[in-house]
Amino acid sequence: MAVLVTGGAGYIGSHTAVALHEAGRKVVLLDNFDNSSPAAVDAIRALTTSDMTFVEGDLRDRSVLDHIFETHDIDEVVHFAAHKAVGESVTIPLDYYGNNLGSTIGLAGAMVEHGVRKLVFSSSCTVYGQPGTIPVTEDAPTGAESPYGWTKFMSEQILRDVAAAADLDVVLLRYFNPVGAHESGTLGEDPNGIPNNLVPYVMQVAVGRLEEVGVFGGDYNTPDGSGVRDYIHVVDLAEGHVAALDALDGSLQGACTAVNLGTGVGSSVLEVISAASDAVGAPIAYEIVDRRPGDIEQIYADPAYAKEVLGWESTRDLATMMRDHWNWQRQNPNGFGG
Ligand code: NAD
Ligand code: UD1
């Protein structure tokens, strides 16, 4: 039997493909390269010394899914494929609703029809907004503040409804802030254009592609005034998916369950820049600028439920995240483009 990984050439999907292979699972990857490149598939195959099956296609194309389910013995799916840029989603909301909801609905429909029962879905801590209580637990109120966020909120609801109606077993994984790269430095995040997210931006300053980091706000009610997030190593996150699939055979069978994947540690923007400087071995230029509209002040996960139901917890600290992200960026200053 095999696991289908949608969005398998992307940042988190590629690392998860490697983790699943290492855990002894047979993997089939699907991606349309909307936000990734064939070089990522080559890197996965090189790392796993395997000819892992890759299908190029759009998840919204039902014939692609039918073909995969008919030709491979798929019994579980990890669904990463989505557009993910919050700012862009405000400008082109229909693209986001169309792709992210269309993919989730199409996939769930094909799974039900082909009798595939186990699904792990990429959700986000964005569904919590600014939580009233931190660390945030899975029973905190959810909502959204951008079309992207709504696609996660709505996908969660759609999957809850399908799970109840059609016996689908689902884990909704709410990721905190994934950073870092595979420790080999051959697989990592390769954002298009100027990065929106902090760590890719910091690393592009370190490698000389950008001049200095703008720290969005120095007057938040946090220990050093900059925003606080729960950064999690992408390989820890990948291993969380393996644990989630295992749990679908055990404690989480027969349900649709939301689980936080975070470390439980909050780090400020200035702490991240300092840890990155240590990893790089040189200072990283930054300046405190205005707050970014729409940003929350601070969030980090309560990871206790993940430990309880998945038997999983993160093991890599901020220094390791920065070491590995830098190792990837240093070896691939222009990402997969060379
Ligand atoms: P990514 O863009 O690197 O990977 C997503 C992949 O899906 C890309 O390779 C893209 O080409 C593919 N894709 C998109 N639409 C597709 C379609 N219709 N058919 C086939 N392939 C399609 O993003 P990522 O960072 O790896 O994120 C993976 C998932 O995790 C996404 O659902 C994202 O919303 C979610 N998530 C990401 C973060 C983050 O900070 N990276 C945080 C929380 C949640
Ligand atoms: C982003 C997404 C969110 C997603 C989360 C997890 C937005 C608005 N939100 O949030 O939906 O769930 O990633 O991946 O994009 N910062 C700077 N300078 C920069 C970039 C960022 O100071 O150049 C700060 C931000 O203000 C924030 C922190 O760094 O305090 C992290 O920012 P970012 O990496 O963009 O992630 P989130 O804002 O948490």
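A few remarks follow.
- Just so you know, the Cα atoms of the range 1-122 work out to an Rg and Dmax of 13.9, 42 Å.
- Counting beta carbons within 10 Å around each of M1, M203, M111, M154 and listing the fewest first gives the order M1, M154, M111, M203.
- Neighbour-count ranking [beta-carbon atoms within 10 angstrom, fewest first] of S37, S226: S37, S226
- Scanning residues 5 or more positions from K26 or on other chains, those with amide H under 5 Å from its amide H are V3, with H placed 1.01 Å from N in the peptide plane.
- When the alpha-carbon atoms of the chain are used, the pair Rg, Dmax equals 19.0, 56 angstrom.
- Residue-wise HN-Hα coupling along the range 216-221, computed from phi with Karplus coefficients 6.51, -1.76, 1.60 (Hz; x: Gly, Pro): 7, x, x, 10, 6, 7
- Counting only DSSP beta bridges whose two residues both lie in the chain, roughly 5 percent are antiparallel.
- 5 angstrom amide H check on G227, placed H, neighbours 5+ away: V269
- Between A285 and E113, the simple spin-label model (points 7 angstrom out along Cα→Cβ) gives 5.6 nm.
- Ranking of D317, D58 by neighbouring Cβ atoms within 10 Å, starting from the fewest: D317, D58.
- Over all directions, the projected convex hull of the C-alpha atoms in the range 223-312 averages 7.6 nm² in area.
- Over all directions, the projected convex hull of the C-alpha atoms in the range 117-228 averages 10.0 nm² in area.
- For Y175, the residues 5 or more places off, or on other chains, whose built amide H falls under 5 Å of its own are S123, S124, C125, L261.
Taken together, the values in this text are just the output of simple stated rules run on the coordinates, not laboratory data. A quick note: this is a predicted structure, and the numbers were derived from the prediction, not measured. No Cβ is skipped: glycine too gets one built from the backbone with ideal geometry, and neighbour counts run over all protein chains shown.
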